[in-house]
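Novice: Let me begin by handing over the structure; questions about it come next.
Bear in mind these aren't lab numbers, they're just calculated from the coordinates by the rules spelled out. Bear in mind that the values here come from a model prediction, so they are computed numbers and not experimental data. With ideal geometry, Cβ positions are generated from the backbone for all residues, glycine too; neighbour counts draw on all protein chains shown.
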């Protein structure tokens, strides 16, 4: 973006050109994602009767509440330039711990607390190792992924169903919105997570430091920012979000199973990237990741409406989209 | 004069095997611009880092604002009012100008960042240094020069009493430098002590009130700029180590045909087109200050940088230097000034380092027989007097001088026709220096062409048959024969300033 070469004596022209190009470049990927979302949803509305209803929209959130939460956590990690491969396994472990504890007769609130603590603790451990030993996040979270998946099998190889009344009530309960559209409690929790994440990222020092670390870690350190806290913190947040996503997933499935959520970390990463975040860090928005999840969900819905197409088409389309978005980002980065 | 705000006494800093600073005193007064001068490796950066707590002190103490201090790192120094702006802009280009200025100390309301107050405060700080840009714009959207000024705005946002500018002008053009200087003056008049590091003499004379000169990790002196001529400064920076070394008897052989000829070779933004001839059996010295283009000349001849004008002839035939590989094939060797990063492989043994070069020269199809390898290693270790005389010693554990010898040996193994030596004697002790100089003379006597780059004029003048002088990225002169004196070269390096050119210095052939 060396186009602004006005000498400092000409403040007015600099200001206007700076402001003019600032908005699009920063938000362009998110806007592009939103356009893609509107377009896919539009295609569905034109092709299928009943697609363009409030409930189909609501179902997008209901069916993907857990993924939204995962994508939120993943956004923090990716913003610092890291990656967290453990989220899918932590989801499975969370469903497993929840199911096993409830089966053993523990109260629901305590189960929730324990699951969230385990997820956050795993994140803390991974973040600490990444920071302390300077190991690539890829390897450390890969190890975390195997560990969490393995722990599932230690608890039980079989699927454990959840019969706890509190969980059942939460899972089946619904909230009616104006217009006869219903959503689940899971959606509310997911949206609360999104709001909290936006607040933390944009209105707290921690959040701004996340962006700073992603932009340039050495600069952030020289600026005297607490990079250590942030670098470990994002993995704690991601671990917490994985556990929360796991709880939502156990509500969605009403069971704990070792093979739940296999490969879900990749869905989360895909959503974040489609949502316009750069894997190199420093650029991206939580809202983008949410729209990214919605895009993935819409494609899935489209394919189920089509009926004749195999669900594997979802993967193919997502693959194509991912490539398109990475190409788009490269173009934007190159231009700037 | 008032009390100094920073008073460093007897500062010594040591790295494994190197004494980076030895008993240096340094004083900085409020309301002055103080230039820290010295060639590469003189210890300027080390002194700054000793002040800001990056390097621990081996000896000495720092007084700051009346008390004895010892900072644990830049963050602590900054909190105490010592801000540093580095050569590369250390900001986050993905954030806004306001955020970059106030990151870590944003105004907050009820625990959340108050964006409006932040932009207002940033605008105020930008106003203070007279920079009119939108604090809400992304830093990336501004040119490097403006980013540098934003870094300064950040530095003064903490009510800095000391502002350290480490080569802030190296990537700026003339107008931008003027803007920077205007801001420096504003801050100086407010009572900020500015420590300014630059290798551009013009700028130093324009902006600084006093200067401290370092050489080889030692203090040369503290001077008032207006009373210190350029020629004195250059001589203080480059030093004169007269009489330490034995006279090298050479300049006897009559060099033959030019082995390498560069015609109008140049590269935009790096070095202006120049002509150069190097004959077999001749040592050509390349003199100039840091940043004058001397290393750039070497890199062009070695193909490490691509020339965008001119051509190179080897033995009368045009060669296309597409990269170091083609230069090596043509018989050119380049021993880089940064031997740690571009020269030796510090984790391998002396033997492996030598074999590596030989193997590269032979190609992977022809393994080096063990016997030949042992012979070569023994030969060069003896010839260069590498110590310890153990081929299995890991290079990283050797002293600087011996590492340099290993690097030389690496190139000699490949039997080059032209040897380019960039600062081969920097940072090594006097004994090793003399050995390397002797070796260069011997190699030339055996018919090798040598391009010898050094910041030490004594050395260049003593060893070279011809001296090429660089200034401001241009070849300004070529001095022939053994009659060249250090003073002549120094005058040419100091250039056309009004600060006391030696009479008679201009008699040199100015091309």
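Novice: Taking 0.36 nm per residue of separation and subtracting the Cα-Cα distance, what length does fully extending residue B:159 through residue B:311 add?
Specialist: Values: separation 152, 0.36 × 152 = 54.72 nm, distance 5.37 nm.
That works out to 49.3 nm of additional length.
Novice: Divide by every residue of chain B the summed helix terms, -39500 (n - 2.57) for each DSSP H run of at least 4, and state the resulting mean residue ellipticity at 222 nm, rounded to the nearest 500 deg cm²/dmol.
Specialist: Working: 16 runs with 169 residues, N = 511.
Calculated from helices alone, the mean residue ellipticity at 222 nm is -10000 deg cm²/dmol.
Novice: Still on this structure, please answer the following. Once Rh is set to the Kirkwood radius over Cα pairs, what Stokes-Einstein translational diffusion coefficient, in µm²/s, holds for the range A:60-175 at a temperature of 37 °C and a viscosity of 0.692 mPa s?
Specialist: Value of D from the Cα-based Kirkwood radius: 213 µm²/s.
Novice: Between residue B:374 and residue A:156, what is the label-to-label distance in nm when each label sits 7 Å out along the Cα-to-Cβ direction?
Specialist: 7.0 nm
Novice: Antiparallel DSSP bridges in the protein assembly as shown: what percent, to the nearest 5?
Specialist: If I count the DSSP bridges inside the protein assembly as shown, around 60 percent turn out antiparallel.
Novice: Here is a further query. May I ask you to compute the full-extension gain from residue B:112 to residue B:186, defined as 0.36 nm times their residue separation minus their alpha-carbon distance, rounded to one decimal in nm? Numbers along the way, then the final one.
Specialist: Working: separation 74, 0.36 × 74 = 26.64 nm, distance 3.35 nm.
Taking 0.36 nm per residue and subtracting the Cα distance, the gain is 23.3 nm.
Novice: Which ordering of B:421, A:28 is given by a fewest-first count of other beta-carbon atoms within 10 Å?
Specialist: Ranking B:421, A:28 by Cβ neighbours within 10 Å, fewest first, gives A:28, B:421.
Novice: What is the mean number of Cβ atoms from other protein chains located within 10 Å of the Cβ atom of each residue in peptide B:134-146, rounded to a whole number?
Specialist: The shielding value for this peptide is 6.
Novice: If you fit an axis through the alpha-carbon atoms of helix B:144-156 and take the longest principal axis of the Cα set of chain B, what angle between them do you get, 0 to 90°, nearest 10?
Specialist: The angle comes out at about 50 degrees.
Novice: Separate question: Would you give the gap between the C-alpha center of the range A:54-73 and the C-alpha center of the range A:125-169, rounded to a whole Å?
Specialist: 22 Å
Novice: Specify the angular offset, from 0 to 90 degrees and rounded to the nearest 10, of the alpha carbon long axis of helix A:185-203 from the longest principal axis of the alpha carbons in chain A.
Specialist: The two axes meet at around 30 degrees.
Novice: Could you line up B:63, A:260, B:55 from fewest to most neighbouring Cβ atoms inside 10 Å?
Specialist: Details: B:63 16, A:260 24, B:55 19.
So the ranking, lowest neighbour count to highest, is B:63, B:55, A:260.
Novice: If R₀ is 51 angstrom, what is the calculated FRET efficiency for the pair residue B:362 and residue B:58, using the beta carbon separation as r and rounding to 0.05? Let's see the in-between values first.
Specialist: Numbers: r = 45 Å, r/R0 = 0.88.
That pair, residue B:362 with residue B:58, gives E of 0.70.
Novice: Per-residue Cβ counts within 10 Å, from other chains only, averaged over B:113-124: what number is that?
Specialist: Averaged over the peptide's residues, the number is 1.
Novice: I would also like to ask the following. If you take all C-alpha pairs in the range B:344-414, what percent of them are over 18 Å apart?
Specialist: 27 percent
Novice: Measure off 7 Å from each Cα along the Cα-to-Cβ vector at residue B:174 and residue A:218, then give the distance between these two points in nanometres to one decimal.
Specialist: Label-label distance for residue B:174 and residue A:218, simple model: 3.2 nm.
Novice: Mark the label point 7 Å from the Cα of residue A:135 along Cα→Cβ and return the residues of the range A:237-255 whose backbone N is within less than 20 Å of it.
Specialist: A:237-240
Novice: Right, next: Neighbour counts of other C-beta atoms within 10 Å: give me B:211, B:383 arranged from fewest to most.
Specialist: B:383, B:211
Novice: Also, I was wondering about something else. For helix B:350-362, report the angle its Cα long axis makes with the longest principal axis of the Cα atoms of chain B; keep it between 0 and 90° and round to the nearest 10°.
Specialist: Its long axis makes an angle of about 70 degrees.
Novice: So what's the protein assembly as shown giving for Rg/Rh, alpha carbon basis, Kirkwood Rh from the mean inverse pair distance?
Specialist: Over the Cα atoms of the protein assembly as shown, Rg/Rh equals 1.06.
Novice: Taking 7 Å along the Cα-to-C-beta vector as the label spot, tell me the residue A:196-residue A:45 distance in nanometres, rounded to one decimal.
Specialist: So the label points at residue A:196 and residue A:45 sit 3.3 nm apart.
Novice: Sticking with this structure for a sec: I need the peptides A:294-300, A:127-133 ranked by packing, meaning the mean over residues of other C-beta atoms within 10 angstrom, with the highest value on top.
Specialist: Working: A:294-300: 24.0, A:127-133: 17.3.
My ranking of the peptides, most packed first, is A:294-300, A:127-133.
Novice: Over every pair of different alpha-carbon atoms in chain B, take the mean of 1/r and invert it; report that Kirkwood radius in Å.
Specialist: One decimal place: 24.9 Å for the Kirkwood radius.
Novice: Assuming 0.890 mPa s and 25 °C, estimate D for the range A:59-335 with Stokes-Einstein, Rh taken as the Kirkwood radius over Cα pairs, in µm²/s.
Specialist: Using the Kirkwood radius from Cα pairs, D works out to 129 µm²/s.
Novice: Next question, about the same structure. Shielding by partners for A:216-229, please: the mean number of other protein chain Cβ atoms within 10 Å of each residue's Cβ.
Specialist: Details: counts 8, 1, 2, 11, 6, 4, 10, 12, 11, 5, 2, 0, 0, 0.
So the per-residue partner count for this stretch is 5.
Novice: While we're here: Output the Kirkwood hydrodynamic radius of the range A:235-336, Cα pairs only, in Å rounded to one decimal.
Specialist: Evaluated over the range A:235-336, this radius sits at 15.2 Å.
Novice: Roughly how many Å is it from the Cα centre of the range B:87-106 to that of the range B:376-419, as a whole number?
Specialist: Here the answer is 46 Å between Cα centres.
Novice: Let me have the 222 nm mean residue ellipticity of chain A computed from DSSP H runs of 4+ only, each contributing -39500 (n - 2.57), with the sum over all residues rounded to the nearest 500.
Specialist: -25500 deg cm²/dmol
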